[in-house]
Amino acid sequence: MSAQIVTEEMMVPSEPGIEIYVRNKRPADLKAFTPEKTVLFVHGSTYPAHTGFDIPLGGRSWMDFVAAHGHDVYCLDVRGYGRSTRPAAMSEPPQNNPPVARTPEAVKDITAVLNMILKRRNISRLNLIGWSWGCTLMATTAIQTPDKVVRLVLYAPGYLRTTPSPLAQGPGPLGAYRTVTREQAKARWLNGVPEHKQTALIPPGWFDQWADATWATDPVGAKQNPPVVRAPNGTVQDTSEFWTSGKIMYDPAKITAPTLIAIGEWDKDTPPSMAQAIFPLMVNSPGKRLVMLPEATHHMMLEKNRMMLFRTVQTFLEEAFLDETA
């Protein structure tokens, strides 16, 4: 493993007026780029990618871990999140506009970044990793561009919902975005964790380190009391129109890439039953697998057992270029 990791940041145009923030990490001595060793991460419904996948908890982030294994690894913030362009509707009161950053728009953002990486590195394909709503985004991207995907990782995927969504809003039409405080974030995070296990789940200082970085991405929300993160409601509208109405947003049978589904046993946002429902439907995914990790929630990449998740995903990715007959 290379000790020195290089970081680059860039803005990638998705459509007129929309620029997508991208972060790249790779070993300093990596000179030859290959599809199997190129990875793109995307986030879920509420928080940006770079504060989740590249927050150095205990001195190392998930992106650091992947890069240290010789990979060229990227993450992106969909429009309306993190450091990407916020649609104009997010500068107005939320009730003035319909939900922004719906799934088709987010897939457009991902596709723009994916194509940029392929051109930048002169490769034909790469690996996709999605978290939560990001699983819908990456599965859709993999279905729309099957020739550009080596492997697909669905971490905490959502599917047809029979339980209330944790993002469900009150009565009346949805606004363009919602606001989340740190206290609300932590309460949702720990929902479903046995009380006697809650203290040990997140090592000391980790929640605040992640929250400080995440809430700092929204300078407007930071001025409120208490500070908030503004999160686009497009995904909440999608959940209402599709997943809680018995309609799917993508057909798992159309996924043709080898796929890993990873889920935490205490995940109340996207319960394990959803992952278990998706798995048998992926009839055209060669080498598919489903892994449930113990003592982990929807946010397991930020918890004490995160290395279990990292190693599980890394093993799956690296099979793509190991000689399995050895």
Starting from region 197-217, take each residue that is under 16 Å from ASN305 (Cβ atoms) and list its partners that are not hydroxyl-bearing (Ser, Thr, Tyr), counting only C-beta distances under 6 angstrom and pairs at least six apart or across chains. GLN198/LEU190; LEU201/VAL193; LEU201/GLU303; ILE202/GLU303; PRO203/LYS304; TRP206/LEU57; TRP210/ILE55; TRP210/LEU302
Have a look at SER91, SER84 and point out the one that is small (Gly, Ala, Ser), out of contact with any Asp or Glu (no Cβ under 8 Å at 6 or more places or on another chain) and either more than 25 Å from LEU260 (Cβ to Cβ) or touching a residue at least 24 places away in the same chain (Cβ under 8 Å) (or both). SER91
Among the basic types (Lys, Arg) and farther than 20 Å from THR51 by Cβ: is that true of LYS223 in this structure? no
Give the number of residues within region 188-222 that are out of contact with any Phe, Trp or Tyr (no Cβ under 6 Å at 6 or more places or on another chain) and not in a helix (DSSP H, G or I). 11
Please report, ordered by residue number, the strands (runs of 3 or more DSSP E) entirely within region 1-94 with at least 2 residues that are more than 20 Å from the chain's Cα centre (by Cα) and surrounded by fewer than 19 Cβ atoms within 10 Å (Cβ to Cβ). 5-15
Would a scan of region 121-128 turn up a residue that is over 22 Å from SER285 (Cβ atoms) and either assigned to a helix (DSSP H, G or I) or polar (S, T, N, Q) (or both)? yes
Here the qualifying pairs (Cβ atoms under 8 Å; residues six or more apart or on different chains; first in region 29-55 and more than 22 Å from VAL107 (Cα to Cα) and touching a residue at least 24 places away in the same chain (Cβ under 8 Å); second among the β-branched types (Val, Ile, Thr) and not in a strand (DSSP E or B)) come out as PHE33/ILE123; THR34/ILE123
Provide a single number: the residues in region 290-320 that are touching a helix residue (DSSP H, G or I) at 6+ places or on another chain (Cβ under 9 Å), among the polar types (S, T, N, Q) and surrounded by fewer than 23 Cβ atoms within 10 Å (Cβ to Cβ). 2
Would you call TYR177 in contact with a strand residue (DSSP E or B) (Cβ under 7 Å, 6 or more places away or on another chain) and at pLDDT 95 or above? yes
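Yes/no per residue for (1) modelled with pLDDT under 95; (2) hydrophobic (A, V, I, L, M, F, W, C); (3) at positive phi:
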position: ASP251; (1), (2), (3): no, no, no
position: GLU265; (1), (2), (3): no, no, no
position: PRO272; (1), (2), (3): no, no, no
position: ALA275; (1), (2), (3): no, yes, no
position: LEU290; (1), (2), (3): no, yes, no
position: LEU293; (1), (2), (3): no, yes, no
position: ARG306; (1), (2), (3): no, no, no
position: THR315; (1), (2), (3): no, no, no
position: THR325; (1), (2), (3): yes, no, no
For THR214, state whether it is of a type in the set (S, T, N, Q) and surrounded by 18 or more Cβ atoms within 10 Å (Cβ to Cβ). yes
Return the residues of region 125-149 that are over 14 Å from GLU105 (Cα atoms), among the β-branched types (Val, Ile, Thr) and crowded, with 22+ Cβ neighbours inside 10 Å; say none if nothing qualifies. ILE129, VAL149
Every residue from region 167-187 that is surrounded by fewer than 17 Cβ atoms within 10 Å (Cβ to Cβ), assigned to a loop (DSSP other than H, G, I, E, B), in contact (Cβ under 8 Å) with a residue 24 or more places away in the chain and not aliphatic (A, V, I, L, M): GLN169, PRO173
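For (1) touching a strand residue (DSSP E or B) at 6+ places or on another chain (Cβ under 9 Å); (2) of a type in the set (Gly, Ala, Ser); (3) farther than 30 Å from PRO204 by Cα, each residue gets a yes or a no:
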site: GLU19; (1), (2), (3): yes, no, yes
site: VAL22; (1), (2), (3): yes, no, no
site: LEU30; (1), (2), (3): yes, no, yes
site: HIS43; (1), (2), (3): yes, no, no
site: HIS50; (1), (2), (3): yes, no, no
site: PRO56; (1), (2), (3): no, no, no
site: ASP77; (1), (2), (3): yes, no, no
site: PRO98; (1), (2), (3): no, no, yes
site: THR103; (1), (2), (3): no, no, yes
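The values are calculated or read from the model by the stated rules, or taken from the named source; none is laboratory data. For clarity, every value in this text was computed on a predicted model and none was experimentally measured. Cβ atoms come from the backbone with ideal geometry, glycine included; neighbour counts cover every protein chain shown.
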